[in-house]
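Participant: Can you read through this structure? Questions will come right after.
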Amino acid sequence: MGMPVRIDNDLYDLAKSHASAERRTIAGQIEFWALIGKAALDNPDLPIDFVRDLLLARAEGKALARPFVPQGPQ
């Protein structure tokens with residue numbers, strides 16, 4: 001269920017430009033940022049780029065997944 005929320009105009013404009021570039025709605029962009037922020041706070045030992053990439057990979061679903069193949073000597 002959607003709920004109206006007041007946010008700063010600058011944050012709205014920033015979300016609008018990122019949403020357009022990443023093909024999301026403005027609300028979807030803000031939700032994505034909130035998920036990254038929550039995941040980063042829940043896992044402070046992980047780099048933020050790793051958290052973001054993990055959330056993006058999970059959103060892609062298993063259809064695009066490739067099995068992990070270790071590289072180098074074993």
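Just so you know, all these numbers are worked out from the coordinates, no wet-lab data involved. None of the values given here were measured: they were computed from a predicted structure. Positions of Cβ are backbone-derived with ideal geometry, glycine not excepted, and every protein chain shown enters the neighbour counts.
Participant: Taking a ≥ b ≥ c as the square roots of the Cα gyration tensor eigenvalues, with a/c under 1.5 meaning rounded and otherwise prolate when a/b beats b/c, else oblate, which class fits the chain?
Facilitator: Prolate, because a/c is 1.5 or more and a/b exceeds b/c.
Participant: Which whole-Hz couplings ³J(HN,Hα) result when phi for each residue of region 51-68 is put into the Karplus expression 6.51 cos²θ - 1.76 cosθ + 1.60, θ = phi - 60°, listed in order with x for Gly and Pro?
Facilitator: 4, 4, 5, 5, 5, 5, 5, 5, 6, 5, x, 6, 4, 9, 6, 10, x, 6
Participant: Rounded to two decimals, what is Rg over Rh for region 1-42 when you use alpha-carbon atoms and the Kirkwood radius?
Facilitator: 0.98
Participant: Now for a separate question. Just add up the charged neighbours of Tyr12: K/R +1, D/E -1, any other residue whose Cβ is under 15 Å from the Cβ of Tyr12. Spell out each step's value before the answer.
Facilitator: On the way: positive: Arg6, Lys16, Arg24; negative: Asp8, Asp10, Asp13, Glu31.
Charge balance in the 15 Å sphere: -1.
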